[in-house]
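*Asks:* This structure is in structure tokens; I'll ask about it shortly.
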Amino acid sequence: MTLVDRRSLRFTWTYAKSQLRLKYRYTALGVLWLLLEPMLYLGVLSVVFSYVNRMDMGAYAVFLFSALVPWRYFEKVVSSCMDAIVQGDWLLKQLPASPFALPLARWIVASIEFACSFAAVTLILAFVKERWTVHVLVLPLAALPWALAALGVGLCCASLYTFFRDIRPVVHAALMLAFFTAPILFDPSVFPADSVQERLLAWHPLTYLAALFQKPIHADRWPGSIDWAVSSLAALLVMALGVASIQWTRARLYFYL
């Protein structure tokens with residue numbers, strides 16, 4: 001059985017649709033949470049950190065939105081993929097599906113939610129941002145490195161969680177560290193030139209991933225070639241590592257489920 005055989009792909013899509021329906025089945029507002037959840041999160045952080053960054057609240061909301069929404073997508077994929085194989089052990093024992101199908105289904109659900117929430121919040125920020133330029137046309141392409149990186153890290157976490165159930169707090173701490181050290185909540189321009197913070201940001205992978213959204217939305221310009229190169233290379237490397245981890249562990253998974 002290959003990693004992504006046709007039967008596993010059919011199962012993945014069917015399972016993803018069922019998970020998406022079940023997720024909002026017993027909620028009062030249903031899919032409206034795709035709009036409300038990012039709005040609430042964005043609103044609270046905009047009020048607090050616009051003061052820290054010494055920016056107008058509207059301008060800061062645009063800056064924050066540009067990288068926070070893809071980061072929330074990345075974080076959701078990693079967190080949901082981590083226990084995908086363990087929670088779906090009963091499916092793997094009854095169906096001839098690849099273990100890759102379970103985290104892939106979680107990734108599909110998170111990607112659909114990301115597209116919906118991004119479109120919804122964009123409509124709201126249309127009233128906050130003074131002008132929108134042609135540079136936003138690159139955003140669908142800019143989402144690809146985020147999606148690949150998220151799936152790659154999610155696959156690695158899914159493999160590790162099968163053998164070591166206590167890695168969840170470690171992964172959450174790592175995500176928190178990455179978030180608070182990346183230029184998502186704060187504008188890098190607040191740091192003096194040649195400062196330690198500026199040099200550290202130059203080596204932070206999320207700096208270049210964030211730039212794929214920040215520059216077209218907030219700065220009204222195209223992402224640079226270095227942004228595309230670093231983010232794409234990092235995403236491909238992480239994705240390759242994630243696929244390799246599933247391939248290497250798939251023969252051992254059933255002894256731990």
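The values are calculated or read from the model by the stated rules, or taken from the named source; none is laboratory data. This one's a predicted model, so the numbers in the text were calculated from it and none came from an experiment. Counting neighbours? That spans all protein chains shown, and the Cβs are built from the backbone with ideal geometry, glycine included. Only protein heavy atoms, including side chains, enter the accessible area calculation; ligands, DNA and RNA are left aside. Shrake-Rupley method; radii C 1.70, N 1.55, O 1.52, S 1.80 Å.
*Asks:* Is it the case that the range 94-111 has a residue that's open to solvent by 40 Å² or more (accessible area, probe 1.4 Å), part of a helix (DSSP H, G or I) and β-branched (V, I, T)?
*Replies:* no
*Asks:* Please specify each residue of the range 215-229 satisfying the condition of being open to solvent by less than 20 Å² (accessible area, probe 1.4 Å) and either of a type in the set (D, E) or in a helix (DSSP H, G or I) (or both).
*Replies:* Listed by number, the residues that qualify are P216, I217, D227.
*Asks:* Can L91 be described as assigned to a helix (DSSP H, G or I), modelled with pLDDT under 80, closer than 30 Å to R250 by Cα and open to solvent by less than 50 Å² (accessible area, probe 1.4 Å)?
*Replies:* yes
*Asks:* How many residues are charged (D, E, K, R) and within 14 Å of A211 (Cα to Cα) if we restrict to the range 172-199?
*Replies:* Qualifying residue count, the range 172-199: 1.
*Asks:* If a residue must be open to solvent by less than 90 Å² (accessible area, probe 1.4 Å) and at pLDDT 80 or above, how many such residues does the range 180-193 contain?
*Replies:* Here the count works out to 4.
*Asks:* Next up: If you check A126 against the conditions, is it out of contact with any Lys or Arg (no Cβ under 6 Å at 6 or more places or on another chain) and closer than 30 Å to D220 by Cβ?
*Replies:* Considered against the rule, which asks whether it is out of contact with any Lys or Arg (no Cβ under 6 Å at 6 or more places or on another chain) and closer than 30 Å to D220 by Cβ, A126 comes out as yes.
*Asks:* Would you say L123 is open to solvent by 60 Å² or more (accessible area, probe 1.4 Å) and out of contact with any Leu (no Cβ under 7 Å at 6 or more places or on another chain)?
*Replies:* yes
*Asks:* Against the conditions (1) closer than 23 Å to F114 by Cα; (2) open to solvent by less than 20 Å² (accessible area, probe 1.4 Å); (3) in a helix (DSSP H, G or I), where does T162 fall short? Just the number, please.
*Replies:* Going through the list (1) closer than 23 Å to F114 by Cα; (2) open to solvent by less than 20 Å² (accessible area, probe 1.4 Å); (3) in a helix (DSSP H, G or I), T162 breaks only (1).
*Asks:* Just checking, which of V196, V243 is among the β-branched types (V, I, T) and exposed (fewer than 14 other Cβ atoms within 10 Å of the Cβ)?
*Replies:* V196
*Asks:* Still on this model: Checking P205 against (1) touching a residue at least 60 places away in the same chain (Cβ under 8 Å); (2) surrounded by 14 or more Cβ atoms within 10 Å (Cβ to Cβ); (3) farther than 27 Å from L123 by Cα; (4) under 19 Å from the mean Cα position of the chain (by Cα), which single condition isn't satisfied?
*Replies:* P205 satisfies all of (1) touching a residue at least 60 places away in the same chain (Cβ under 8 Å); (2) surrounded by 14 or more Cβ atoms within 10 Å (Cβ to Cβ); (3) farther than 27 Å from L123 by Cα; (4) under 19 Å from the mean Cα position of the chain (by Cα) except (1).
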